[in-house]
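The values are calculated or read from the model by the stated rules, or taken from the named source; none is laboratory data. Just so we're clear, the structure is a prediction, and the values are computed from it rather than from any experiment. When we count neighbours, we look across all protein chains shown, and the Cβ atoms used for this are built from the backbone with ideal geometry, even at glycine. Accessible surface is based on the protein model in full, side chains and every heavy atom, while ligands, DNA and RNA are left aside. Shrake-Rupley method; radii C 1.70, N 1.55, O 1.52, S 1.80 Å.
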Amino acid sequence: MADESAFDKKKAHRAKHAGRKAEKKKKKNAVDQSNLSARQRNPKAFAIQSAVRAERKFRRREDVISKKQHIPQVDKTPLEPPPIVVAVVGPPRVGKTTLINNLIKSFIKTNVTSTNGPITIVTSKKRRLTLIECNNDINSMIDLAKCADLVLLLCDASFGFEMEIFEFLNICQVHGMPKIMGVLTHLDMIKNAKTLKTTKKTLKHRFWTEVYPGAKLFYLSGIVHEEYLRNEIKNLARFISVMKFRPLSWRTTHSYVLADRLEDITSQETIRKDPKVSRDVVLYGYIRGVPLMKESVVHIAGVGDMKISELSYLPDPCPLPSSEKKRHLMERERQIYAPFSGVGGIVYDKDAVYIELQGSHSHKREDEETTEKKALIKNVVDTKETVDEQMQESGFKLFSGGAIIYPEMVKDDEYLQHNKVLTKVNNDDSSDESNSEEESESDNDSGIDQSEKDVSDKKKLPWEINSGSEQEDADETESIGDNVNALNENNGTEEVFDTKWKEKLSEKATDAYYQRQRTSKNIMKLVYGEYDIGNKSKDKSDEPDESSDSDGEEIGGLFKKVTETQKKKQKEKENLDLDECSFYYNLHKPNLRDWSSETNRQYLINCFVTGKRSADQDASELLKLDDASDGDDEELYGDFEDLETGEKHTTDELTDQVGTAPKRKAEPTKSEILDKKMKLKAKFDAEYDNPDDHRIKGDHSYYESLKAKALQQSELNKSVFENLEDGLRVEVEGFRPGMYVRMLFKNISSEFVSNFDSSYPILIGALNMTEQNIGFVSCKVKKHRWYKKILKTNDPLIISLGWRRFQTLPIYSKIEDDLKCRYLKYTPEHVTCNMHFYGPATPQHTGFLALQTVINNSNEIKQLGFRIAATGSVNEINKSTQIVKKLKLVGTPLKIYKKTAFIKDMFTSTLEVAKFEGAKIKTVSGIRGQIKKALNKPEGAYRATFEDKILMSDIIFCRTWFKVNVTKFYAPVVNLLLPIGEKNAWQGMKTKGQLKRERNIQYKANVDSMYTEVIRPNKVFKPLTIPKNLQKGLPYRFKPKVNTTTLSGDDPKNKSKERVAVVKSPYEQKVSNVMKMLKTNYEKKVTVQKEATAERLKAHKQQQDEQEWRRIKRQKELKKKICRHLSKMGSKKTQTQM
């Protein structure tokens, strides 16, 4: 019988794997994959299939990231940056003015009649633009390349890129490459679509070659009604509005101003007496770059170095709109400011406000807003009375049928005057006699003399006669009624002072200053003792009683008087409604800390030398610690006895003395060191371990830290002076970028004003301390590969370096292996060389370019072609130069004694020989020697020793080096002083060749400098003679063989010499001539026969070839017929068999 327990065993539960319940459980336990990434949902799909491919992808990704990275620079742009300078550059007749007009119309919906000088417009909430057109002058190109942030490079697509475009690009490369966008115009001149497409592609790739691959190039397809297409201009304007700019090294270290307004403030009487007198000129503009300090030395490009006599800031004539949140600018916020073009509205000056009214045709098509503006401006201009006078004459009605209330009626009200006297008397009572000493001290400390104060006290206005400052001599027990009487007595004089409202302002300012001085505390007394409490609290008994005020009184029968409680509540409410500010004071009573209390005084004392320091900062405590550390080791010296006095010292005494000193911090325990190590390890793991996704990423922490440091520094720079007022901030920081300033220059040449042309930019660049000096400058230079000529030493060269353009005389050199600068007469081809010149000191690695002329003459430009002669950078600034030139001294032997010889013709005197004693000399054949001593006769001869014996025909050289001095010549290019129309024809120093060509002077060549043909006669050597004894020992082949014999015994060479010359008779000569003629005729006949035979053979061969070709052709046709016939016969046989 089976075991019953086996039947009692229950079957295990099997969970369902299918069905509705199983699906429900799966959904319940399933992970929500909606928030998972593709890698987390399917990790196998993202697994690395090939390690090599993954490594290549990683390397490629890191290369792309590293190429995008730049060295982080500290952002020095202020909160309100200056307008962005957009220079429109291109050759003549490409549409620069039309493009500027269209951009202005696109941005601010306004037409401008002229585009002279800088035109500043507001384009968005945070951006302004200064548009300026560059004329066809290389001086203007250089100046604008130094200050432009964005360049619109215009090109005539129907003609192609012209030389001016390539010149401007090279100028930009030298002085700091701004953002450049190309614009192609005149595309409508190309009618063929295929040609247009090819032209666009060609010009685009050529533009990319010069700028960088991918540079933006815009196409303006055509002009409709003298305007470009609206969508194309809008696209260009959008790109300009969002363009980002990277700071350039030169502009981040120098401040500069692009002047947009000029005023001559010289006295007209002085100009009338002498029109050529030096002028006082005021220039206006936005500061760019770095802050500009007062009394800085600046360089006005085209004028010279000047010192700023006066510098001040003005309200922004073209301010940014308010910071309210809005999508677009309002119509009135789209401002334009262009004084040189006659556009600008209201212009603020230091001592005047100029209101620009439009011309006589401005009344046409005026809208309502324009009419209101004109009416407002007209009212301002026509105003002849002050505001006070107008307020005195004005009045108002409370009710439609009521009487008009004037200010005099309010002043005559007895209740108001009575209340005024009450408040003033209470203010007077609050000041005690204890204040008198401090008042006298503050008065003496103030900047106003006591005599001036006394005069000002006498001239008080009638409504201020009872103020606290005027009651010093009055009796304190004076009743209120007396004050009221005194006020009534002075009512008669009130009308006299109504018009003198300016005096009231000055006296109020003086009283406010005295009050501040009176309430200020003397910090020295607070810190070092003997201090007084200056700000006394008011006595409660002196305060007016609120209950004394009658609530039932009315003013004029209409208004009730406000009680003190209501006034206090109203002030508290106003304080709550005020804007938040870091400098907040209660209007009723300043809530200041009382420094007279002992606790606050102790805080103040501890800030000075007399205060008590902490243990780790106090010098005396630190010295005690040092002494204690010396006595820590008790057993270091043990007990000792003073041998002089016999006194014994034990370690116990020393420990007692040192025991009172505080102990230093104990050494860290092992557990603390272990905790510190664990923290460092956790930090290291967090930085270098892979994150959760286990993807291999590059280490960009260094770059990110650099960016964070640069950002932190920029925020710190902005926050340091952020809370200061403009006046104090200017004194400390300087005039920061973005401020509109007024610069006064004195003693400027009168030609600058009389010959002023607004089409030329006025660039004012600040000079650092070192750049104000003139000295010798060493540069690295390379002749431009497109310049046709090579440059010659000491030929005048125009250099653009820093803010300056000047002419100088350079010297070219090459550094030898021994670091010697060897003089070069010409610049080498395609290789850099050194250049030294006398000019302004400039920081190292500053780029410069060189020109030989800046004259914009068409004939000269055709001859030169590309005008930029050389480019380079500054190496160093030296006050002295070490340029040496090689000089070879030549001499000939006078006498020769084995290895010693006397040399002549190298020197002219014994003194010269003495200077060159010990110098190395060398012969043409390579024998080296040395100069020893001078000879008495002949003059200039000397004795020299050589390695070997020299010959009389040898020439001896002495290689020497002599110093070449750089010419001190520095002439700034002052093209802005030239008359209008000649500013592009500045001419400096000319070369000798130019002067001779201009004056038709024939050049006479120096005979010594001419290259002559060198005739060297062949050297005749003596015949080699070998002694007979030596001949005997020589082999036969080396023995001299003089006599050559033949079989006949005669020398064949001597046969022709021994023949007798035959002289023919006249008849024989005629016969020989006839024979020659016959021979010549025969030879000619034979030659003709040979040529005819060759022609005949050629024709015969050609005929044979033709016959052979026909024969072969017949054979081929015959073969084809036979084969065709055989194939037909074969096909017939097969058909018969079937």
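A few points about this structure:
- Here Y228 clears all of (1) touching a residue at least 40 places away in the same chain (Cβ under 8 Å); (2) touching a Phe, Trp or Tyr at 6+ places or on another chain (Cβ under 7 Å) except the condition numbered (2).
- Test: residue in segment 741-750 that is among the charged types (D, E, K, R), farther than 27 Å from H836 by Cα and either under 18 Å from the mean Cα position of the chain (by Cα) or assigned to a strand (DSSP E or B) (or both): yes
- Pairing each residue of segment 772-799 that is free of Cβ contacts under 8 Å to residues at least 40 places away in the same chain with any residue that is surrounded by fewer than 17 Cβ atoms within 10 Å (Cβ to Cβ), provided the two are 6+ apart or on different chains, yields C-beta distances under 9 Å for I790/Y826; I790/P828; I790/E829; K792/K825; K792/Y826; K792/T991; T793/K825; T793/Y826.
- Positions within segment 864-887 being part of a loop (DSSP other than H, G, I, E, B), on the phi < 0 side of the Ramachandran plot and surrounded by fewer than 16 Cβ atoms within 10 Å (Cβ to Cβ), in sequence order: F866, K879, S880, Q882
- Residues that are open to solvent by less than 10 Å² (accessible area, probe 1.4 Å) and of a type in the set (G, A, S) were ranked within segment 256-294; the one that is nearest to T115 (Cα to Cα) is A259.
- Long-range neighbours under 7 Å by Cβ, at least six apart or interchain, first residue touching a residue at least 40 places away in the same chain (Cβ under 8 Å) within segment 919-934, second open to solvent by less than 30 Å² (accessible area, probe 1.4 Å): A919/I931; A919/C958
- Meeting the requirement of 3 or more residues that are farther than 30 Å from F776 by Cα, the strands (runs of 3 or more DSSP E) wholly within segment 894-995 are 900-904, 920-923, 928-934, 942-946, 956-964.
- Restricted to segment 206-235, and to residues there that are of a type in the set (A, V, I, L, M, F, W, C) and part of a helix (DSSP H, G or I), the residue that is farthest from L103 (Cα to Cα) is W208.
- Remark: pairs (first residue in segment 206-219, at positive phi and of a type in the set (A, V, I, L, M); second residue modelled with pLDDT under 90 and not in a loop (DSSP other than H, G, I, E, B); Cβ separation under 8 Å; 6+ apart in sequence or on different chains) are absent.
- Within segment 67-97, tally of residues that are open to solvent by 60 Å² or more (accessible area, probe 1.4 Å) and at negative phi: 11
- Some residue of segment 17-36 being of a type outside the set (V, I, T), within 30 Å of S158 (Cα to Cα) and open to solvent by less than 90 Å² (accessible area, probe 1.4 Å): no
- Checking I138, I84, I121, I100 one by one, the residue that is of a type in the set (A, V, I, L, M), in contact (Cβ under 8 Å) with a residue 24 or more places away in the chain and out of contact with any Asp or Glu (no Cβ under 8 Å at 6 or more places or on another chain) is I121 and no other.
- V277 vs. criteria free of Cβ contacts under 8 Å to residues at least 24 places away in the same chain and at negative phi: no
- Being at pLDDT 80 or above, in a helix (DSSP H, G or I), farther than 30 Å from S124 by Cα and under 31 Å from the mean Cα position of the chain (by Cα) holds for only one residue in K24, K67, and it is K67.
- Of note, L129 does not satisfy the criterion of being open to solvent by less than 10 Å² (accessible area, probe 1.4 Å), in contact (Cβ under 8 Å) with a residue 24 or more places away in the chain, in a helix (DSSP H, G or I) and in contact with a strand residue (DSSP E or B) (Cβ under 8 Å, 6 or more places away or on another chain).
- Test for T110: is it out of contact with any Asp or Glu (no Cβ under 7 Å at 6 or more places or on another chain) and either touching a residue at least 40 places away in the same chain (Cβ under 8 Å) or surrounded by fewer than 22 Cβ atoms within 10 Å (Cβ to Cβ) (or both): yes
Okay, residues lined up against (1) within 30 Å of D149 (Cβ to Cβ); (2) in contact with a Phe, Trp or Tyr (Cβ under 6 Å, 6 or more places away or on another chain); (3) buried (at least 17 other Cβ atoms within 10 Å of the Cβ); (4) among the charged types (D, E, K, R):
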{"site": "F745", "(1), (2), (3), (4)": "yes, no, yes, no"}
{"site": "F756", "(1), (2), (3), (4)": "yes, no, no, no"}
{"site": "K783", "(1), (2), (3), (4)": "no, no, yes, yes"}
{"site": "D818", "(1), (2), (3), (4)": "no, no, no, yes"}
{"site": "T827", "(1), (2), (3), (4)": "no, yes, yes, no"}
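- Identity of the residue in segment 806-816, touching a residue at least 12 places away in the same chain (Cβ under 8 Å) and open to solvent by 10 Å² or more (accessible area, probe 1.4 Å), that ends up nearest to I774 (Cα to Cα): L809
- For F969, the conditions (1) surrounded by 14 or more Cβ atoms within 10 Å (Cβ to Cβ); (2) of a type in the set (A, V, I, L, M, F, W, C); (3) over 41 Å from the mean Cα position of the chain (by Cα) all hold with the exception of (3).
- A count restricted to segment 153-205 and to residues that are assigned to a loop (DSSP other than H, G, I, E, B) and within 25 Å of A87 (Cβ to Cβ) stands at 10.
- Counted residues, segment 888-918 - those being of a type outside the set (F, W, Y) and free of Cβ contacts under 8 Å to residues at least 40 places away in the same chain: 13
- When segment 946-964 is filtered for residues that are surrounded by 15 or more Cβ atoms within 10 Å (Cβ to Cβ) and closer than 29 Å to K1019 by Cβ, the ones remaining, listed by number, are F946, I950, D954, I956, F957, C958.
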